[in-house]
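Accompanying notes for the structure given below.
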Amino acid sequence: MKNRAKLLAYPYIVWMAIFIVIPLLLVFFYSITSGNIYEPSSLSFTLEHYSKFFDMLYLNVIWKSFRLAIISTVLCLVLGYPVAYIISKSKQKHRSLLLLFFLLPIWMNFLLRTYAWMAILSPNGFLNKALEFFGLPPIEIMPGQTAVVLGMIYNFLPFMVLPIYTVLSKIDKNVLEAAADLGANSFITFIKIILPLSVPGIVTGITMVFMPAVSTFVISRLLGGGKELLIGNLIEQQFTIYRDWHFGSALSIILMIMILVSMAIMSKVDNNNNDDEGRTAMW
Amino acid sequence: MVGRTIKRIYIGIIFLFLYAPILVLIIYSFNESKSRGHWGGFTLKWYGELFRDPDIIKALYYTFIVALLSSLISTVIGTFAAIGIHNMGLFGKKIVLNINYLPVLNPDIVTGVALMTLFVSVNMRLGFLTMLISHVMFNIPYVILSVLPKLRQMNRHMAEAALDLGATPFYAMRKVVIPEIMPGVVTGALMAFTLSVDDFVISFFNTGSGVTNLSIVIYSMARRGIKPSINALSTIMLLTVAVLLLVINKRTAKGDELIP
C-alpha cells in the first residue's frame, strides 16, 4: 500500500516542477541576463540589473516599503492582540459569533474594501463630510503614507488576530489555575504564562501581516495615489509599463530574498516551537 | 466590572473600524447621486443597472467559472497529492512539502510575475486558460495543507485492515481513506474557492484577451471612480456571505470550524 500510494504524488510533482520551480528559475535567469526575451540567442549574462538597484532612488523605495510594512505590522500586533485575547476569553456561545463577525469583512473583495477607504478618506469623502458637519477642520491623509498604513492595517488585521486567537484558545486552563493557586495575580499570569505561550501565534501573525504588506502594490497605488511607490509598484511597473522584464525579475528576486531572510529571523525567534505544527496551526 | 466595560468598548471600536468602509459602500449603493461625496436621495436603480452592465456581468461570470473550475481541479489534484505525499519517505516528503510551501510563502506578486514569465516564454496567449492554470497553481498548496493533518490523524492501520479484508487499493481509498479525510478536503475546497474569488494580483498578471475578473474590474475602475452598481454588487455579495456563514455557524454551532 505504502509504496503504491506514493505514486499518487507524482503527477503533482511534475506539476510543481512546471508551474512552481521552472517559473522561479526563469525569473532568476532573466534577472542575470539582458537582451530580448523573445530571442534566446540575444541574451547575455550580466549583473547590471542588480547593480542598478543600488541607486538611492531604488534603495529609498525599499526603505519605505519596509518602514511602512513594519509600522503596519507593529500596529496590527498592538491592536490585534487584545482582540484575540478578548475573543478567546469570551463565553463559548458568544465566541463563535464574535469570531464570525470579525472575519466577515475579509470575505468581501479585497479591492472593494480598499476602495471603500478611498471613499472615506478622499478630500471630499465621507470622513471630511462628517467633520464638516460637526464644524471641525478637514483631515487630508489621502493620498499619503498614513492612508497606506491604514489600508494595510485594515486589510491584514485578521491575519494577526487569527493565529494569536488559535494559540490562546488552546492554552490549558489548568495551567492558568495552577498559576492562580500559586499566588500569581492576573497581570503576572499574563506576563509569565499567557504571553510566552502565545509567542508562536504572534510569530505566525507577524509573518502573515508583514509579507503581504511589504509586497503590496494595490494599497499603495489606490491609497497612496501613485505618489507612494513601494517595491511592489516598482515590480509591477517593470512588467506592465516599462517592459523591462530583466530589471523586474531582479527586483522580484531581491524581494524574495529579503522576505526569506526576514522569515528566517522570525523562525529563529520562534525556535522553541516545532516548525511543522506552528506553521499549520493557522489552518 | 470596569474591565468588562473597557473590553466591550475596545471590541466596539475595532468592529466600527472593520465595518465603517462596508457601511459606506452599502449606503452609497442606495445613493441616487453618482458622485461619492453627495447624497442625492434613496434609489434602487443601481441594483437594476448592475444586471444590465456587460462589463460587470462578464467579470462576474469569469470570476465564478474560474473559482469553480480551479477549486474543483485543485481539490482533486491536491487530495491525491496529499495522500501520495503522506506515504512518501521522510526525505522526499520534506523536499516536496518545501516546494509546495513556495507559493504560500512567496509574495503574490512574485508568484504572479514568475508564472507570467513562464507563459510568455512558451508563447502562450494570456487569457482564460492561463488565468485558470495560475489559480489552480496557487490553490493546490492550500488543499494539501488542509488535507495532510487529517491524514496524520487517521489511524494508519485502517487502510491496511481494509486491504487485509480483501478490498482493492482503489476500493479501500474510496471507502476508507477518502471518508476519513473528507473534512480536510471540504475545508481545502472552500478555501480554494474563496482564494480564487478574492484573487487580484496573480490574475492581474496572468490574464489578457479581454478576460477579467471582479477584482481586476474594480481595480481599473477605482482610479477613475467606481460605478455605483459595483457598490450594489458588493452589498448583495456581502449579505449572501453573511447569511451563509450564519447558517453554517448555526449548524455546526462551533465557530472554530469555520476558520479555514
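Among the residues of segment B:113-135, write down those that are more than 9 Å from chain A (Cβ to nearest Cβ) and not hydrophobic (A, V, I, L, M, F, W, C).
Residues satisfying the conditions are B:ARG125, B:GLY127, B:THR130, B:HIS135.
Looking at the structure I just gave you, is B:PHE138 more than 8 Å from chain A (Cβ to nearest Cβ), in contact (Cβ under 8 Å) with a residue 24 or more places away in the chain and not charged (D, E, K, R)?
yes
Do the conditions hold for B:MET173, that is, is it buried (at least 16 other Cβ atoms within 10 Å of the Cβ), among the aliphatic types (A, V, I, L, M) and in contact with a Pro (Cβ under 6 Å, 6 or more places away or on another chain)? Walk me through how you get there before you give the answer.
Values: buried (at least 16 other Cβ atoms within 10 Å of the Cβ): yes; among the aliphatic types (A, V, I, L, M): yes; in contact with a Pro (Cβ under 6 Å, 6 or more places away or on another chain): no.
Against the criterion (buried (at least 16 other Cβ atoms within 10 Å of the Cβ), among the aliphatic types (A, V, I, L, M) and in contact with a Pro (Cβ under 6 Å, 6 or more places away or on another chain)), B:MET173 does not qualify.
A:ALA119: in a helix (DSSP H, G or I), buried (at least 20 other Cβ atoms within 10 Å of the Cβ), aliphatic (A, V, I, L, M) and modelled with pLDDT of 90 or more, yes or no?
No; evaluated as a whole, the condition is false for this residue.
Hey, does segment A:175-191 have a residue that's in a helix (DSSP H, G or I), among the polar types (S, T, N, Q) and either farther than 30 Å from A:ILE231 by Cα or at pLDDT below 90 (or both)? First the steps, then the outcome.
Filtering segment A:175-191 down to residues in a helix (DSSP H, G or I) leaves A:175-181, A:186-191.
Going one step further and asking which of them are among the polar types (S, T, N, Q), we end up with A:186, A:189.
Narrowing the set further to residues that are either farther than 30 Å from A:ILE231 by Cα or at pLDDT below 90 (or both) leaves A:186, A:189.
Scanning segment A:175-191, I find at least one residue that is in a helix (DSSP H, G or I), among the polar types (S, T, N, Q) and either farther than 30 Å from A:ILE231 by Cα or at pLDDT below 90 (or both), so the answer is yes.
I'd like to check which helices (runs of 4 or more DSSP H) are fully inside segment B:165-243 and have at least 2 residues that are hydroxyl-bearing (Ser, Thr, Tyr) and within 11 Å of another protein chain (Cβ to nearest Cβ).
In segment B:165-243, the matching helices (runs of 4 or more DSSP H) lie at B:178-198, B:214-222.
Which condition number does A:LEU99 fail, the rest of (1) surrounded by 14 or more Cβ atoms within 10 Å (Cβ to Cβ); (2) of a type outside the set (S, T, N, Q); (3) at pLDDT below 90; (4) under 30 Å from B:LEU163 (Cα atoms) being met?
It is condition (4) that A:LEU99 fails.
Taking into account only those residues within segment B:77-112 that are without any contact (Cβ under 8 Å) to a residue 60 or more places away in the chain and among the small types (Gly, Ala, Ser), which is nearest to the other protein chains (Cβ to nearest Cβ)?
In this case the residue turns out to be B:GLY84.
In segment A:67-85, how many are in contact (Cβ under 8 Å) with a residue 12 or more places away in the chain and within 13 Å of chain B (Cβ to nearest Cβ)?
Count: 9.
If a residue counts only when it is aromatic (Phe, Trp, Tyr) and closer than 18 Å to A:PHE159 by Cα, which helices (runs of 4 or more DSSP H) contained entirely in segment A:1-105 have at least 1 such residues?
A:56-89, A:92-103
Restricting attention to segment A:1-37, and to residues there that are within 16 Å of A:ALA250 (Cα to Cα) and among the polar types (S, T, N, Q), which single residue is farthest from the other protein chains (Cβ to nearest Cβ)?
The qualifying residue farthest from the other protein chains (Cβ to nearest Cβ) is A:SER34.
Name every residue in segment A:227-269 that is out of contact with any helix residue (DSSP H, G or I) (no Cβ under 9 Å at 6 or more places or on another chain) and in a helix (DSSP H, G or I), in order of residue number.
Within segment A:227-269, A:ILE257, A:VAL261, A:ALA264, A:ILE265, A:LYS268 meet the criteria.
Find the residue count for segment B:14-48, including only residues that are over 27 Å from the mean Cα position of the chain (by Cα) and more than 21 Å from A:PHE126 (Cα to Cα).
Total meeting the criteria: 2.
Which members of segment B:142-155 meet the condition of being of a type outside the set (Gly, Ala, Ser) and facing chain A (nearest Cβ under 9 Å)?
B:TYR142, B:ILE144, B:LEU145, B:LEU148, B:PRO149
Can you find a residue that is under 30 Å from B:ILE6 (Cα atoms), without any contact (Cβ under 8 Å) to a residue 60 or more places away in the chain and either within 12 Å of chain B (Cβ to nearest Cβ) or loosely packed, with under 15 Cβ neighbours inside 10 Å (or both) anywhere in segment A:55-62?
no
Among the residues of segment A:86-121, which ones are within 7 Å of chain B (Cβ to nearest Cβ) and small (Gly, Ala, Ser)?
Once the filter is applied, which keeps residues that are within 7 Å of chain B (Cβ to nearest Cβ) and small (Gly, Ala, Ser), segment A:86-121 yields A:SER96, A:ALA116, A:ALA119.
When you scan segment B:58-71, do you find a residue that is more than 9 Å from every other protein chain (Cβ to nearest Cβ), among the charged types (D, E, K, R), in a helix (DSSP H, G or I) and within 20 Å of the chain's Cα centre (by Cα), even just one? Show your work before the answer.
The initial filter retains those residues of segment B:58-71 that are more than 9 Å from every other protein chain (Cβ to nearest Cβ), namely B:58-71.
Now narrow it down to the ones that are among the charged types (D, E, K, R): B:58.
When the remaining residues are screened for being in a helix (DSSP H, G or I), the result is B:58.
Right, trim to within 20 Å of the chain's Cα centre (by Cα) and you get B:58.
Yes, segment B:58-71 contains a residue that is more than 9 Å from every other protein chain (Cβ to nearest Cβ), among the charged types (D, E, K, R), in a helix (DSSP H, G or I) and within 20 Å of the chain's Cα centre (by Cα).
Can you tell me which residue among A:ILE194, A:ILE231 is surrounded by 13 or more Cβ atoms within 10 Å (Cβ to Cβ) and under 28 Å from A:THR33 (Cβ atoms)?
Every option except A:ILE231 fails the conditions.
The values are calculated or read from the model by the stated rules, or taken from the named source; none is laboratory data. None of these values were measured; they are calculated from a predicted model. Note that each Cβ is placed from the backbone with ideal geometry, even for glycine, and that neighbours are counted across all protein chains shown.
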